[in-house]
Amino acid sequence: MTTSAQERDTAHPLDPYGWDEGWELALAQHHRDHPGPLVPARVVRTHRGALDVQTPLGPQRVGAPRALLPEPTTGDWVVLGLAGTDPELLAVLPRRTALSRAEVSGRSTEQVLAANVDTVVVVVAPARRAPLGRVERFLTLAWDSGARPLVVLTKTDLLSGRELTTALAEVESAALGAGVHAVSAERGAGIEELRGELSGTVVLLGPSGAGKSTLANALLGEDRLATAAVRAGDGKGRHTTVHRELLPLPGGLVLVDTPGLRAVGLRGGGAAESLQRTFADVEDLAVDCRFGDCTHTSEPGCAVLAAIGAGVVDRRRLDSYRKLEREQEFLAARTDARLRAERTQRWKAIHRQQRAHRPRP
Ligand SMILES: Nc1nc2c(ncn2[C@@H]2O[C@H](COP(=O)(O)OP(=O)(O)OP(=O)(O)O)[C@@H](O)[C@H]2O)c(=O)[nH]1
Ligand SMILES: [Mg+2]
Ligand SMILES: [Zn+2]
């Protein structure tokens, strides 16, 4: 579906932003619906009620109509109408992928962090106790997006050879099915190898202070994004990056740097399957449990517990899986409850209407 600029007859000014024939086709639909002149644009950054977009003519700020669905986010391709004096945002092209988390505010809605993402890079900095649960959580989000996940262990210049081996093994144990790369953004080590693994639109994900913006600068080949030292006391980041921002990289890649996430809730909906991918090792073992509905707590003939006993699988892994599963089930139930409540409201409204129209005796 995707065709690079070289294979096409003519280059498009938005090629460095990821424009391809698939998007061309999606735009053609809109030419049929809107008679005036149209251009595509990619959302680079969002503001309250406005968007910074890259158009074929350059960067531009456009108003975001509130009724537009889905609400455009960083990475979206949008259609601009040029009939009036100001470009008008007419539509959002259907998303290929979407990186979403549950809204932190407690409502069971989700927030799309970035749209049309091809690679999700989970950035992990070395720590005395590796945050493996968080890696698993970020990876589940990544699988859920439809993009390809990768894990990058950064700041390897801070580790001795032995420490690096241990840290890599730990991260790999939590990142089965996703590639793990070690880099030092500061020294430029491992950057070109990593670049070779990236494709399309790449999102950097990870906690504040992990080194996302420093890695982004290393990939850009210039210090464009602000970075700041972590706090001396507890090594926590300072939330230096405050906006999600999309930038073209040399070599046809597109990068989205993100602010360190304080909380990443799993989505209630499709996240169950993504969890099974993150914990594919446990799932593979569970096929051999005697009982189909084995919970791997104390059942006889449990293949998962046997593997833990034999030291093949970490106990931590099963505990982490359970924790994320409980969270996901809770969110799914909450989403169901909200849908039920909305349905009830609708029925009540219909009944009220019917009563109002009933002829009175
Ligand atoms: N030694 C070393 N330090 C690094 C490396 N990468 C990043 N750092 C340092 O880690 C600190 C945090 O880096 P940032 O790139 O600002 O981290 P971030 O993930 O973007 O943080 P937020 O924007 O707050 O989410 C800075 O002081 C960087 O210089 C590295 O490879 N080696
Ligand atoms: Mg940053
Ligand atoms: Zn079992």
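In region 30-60, what residues are surrounded by 13 or more Cβ atoms within 10 Å (Cβ to Cβ) and either in a helix (DSSP H, G or I) or not aliphatic (A, V, I, L, M) (or both)? Scanning region 30-60 gives His30, His34, Pro40, Arg42, Arg45, Thr46, Asp52, Gln54, Thr55, Pro56, Gln60. The helices (runs of 4 or more DSSP H) found entirely in region 121-203 that carry 2 or more residues being of a type in the set (Gly, Ala, Ser) and in the same structural domain as Asp234 (by TED's automatic domain parsing) are 132-145, 161-174.
Give the number of residues within region 99-115 that are surrounded by fewer than 21 Cβ atoms within 10 Å (Cβ to Cβ) and modelled with pLDDT of 95 or more. Number of matching residues: 0.
How do the helices (runs of 4 or more DSSP H) wholly within region 221-340 filter down when requiring 2 or more residues that are out of contact with any helix residue (DSSP H, G or I) (no Cβ under 7 Å at 6 or more places or on another chain): which remain?
Helices (runs of 4 or more DSSP H) meeting the threshold: 280-286, 303-309.
Scanning region 254-285 for residues that are surrounded by fewer than 20 Cβ atoms within 10 Å (Cβ to Cβ), more than 30 Å from Gly221 (Cβ to Cβ) and among the aliphatic types (A, V, I, L, M) returns Ala263, Ala272, Ala280. Selection of region 194-242 for residues being touching a residue at least 24 places away in the same chain (Cβ under 8 Å) and more than 10 Å from ligand 1 (Cβ to nearest atom) yields Leu194, Arg195, Glu197, Leu198, Ser199, Gly200, Thr201, Val202, Val203, Leu219, Leu220, Gly221.
Matching residues to (1) charged (D, E, K, R); (2) within 16 Å of ligand 2 (Cβ to nearest atom); (3) in the same structural domain as Glu136 (by TED's automatic domain parsing); (4) modelled with pLDDT under 95:
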residue	(1), (2), (3), (4)
Glu283	yes, no, no, yes
Ser298	no, no, no, yes
Gly309	no, no, no, no
Val312	no, no, no, yes
Tyr321	no, no, no, yes
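I want to confirm something. Restricting to region 249-307 and keeping residues that are within 16 Å of ligand 3 (Cβ to nearest atom) and β-branched (Val, Ile, Thr), which single residue is nearest to Ile191 (Cα to Cα)? Checking each candidate, the answer is Val282. Screening Leu220, Leu204 for residues that are within 16 Å of ligand 2 (Cβ to nearest atom) and buried (at least 19 other Cβ atoms within 10 Å of the Cβ) leaves exactly one candidate, Leu204.
Is it true that Glu245 is within 13 Å of ligand 2 (Cβ to nearest atom) and of a type in the set (Asp, Glu)? Here the answer is yes, as Glu245 does meet what is asked. Of the residues Pro259, Pro250, the single one that is free of Cβ contacts under 8 Å to residues at least 60 places away in the same chain and more than 12 Å from ligand 1 (Cβ to nearest atom) is Pro250.
Criterion first (under 13 Å from the mean Cα position of the chain (by Cα), buried (at least 20 other Cβ atoms within 10 Å of the Cβ) and more than 16 Å from Asp257 (Cα to Cα)) does Asp118 satisfy it? Break it down stepwise before answering.
Details: under 13 Å from the mean Cα position of the chain (by Cα): yes; buried (at least 20 other Cβ atoms within 10 Å of the Cβ): yes; more than 16 Å from Asp257 (Cα to Cα): no.
Criteria not met by Asp118.
The values are calculated or read from the model by the stated rules, or taken from the named source; none is laboratory data. Bear in mind the structure is a predicted one, so any value in this text is a computation, not a measurement. Here the Cβ is made from the backbone with ideal geometry for all residues, glycine too, and neighbour counts use every protein chain on show.
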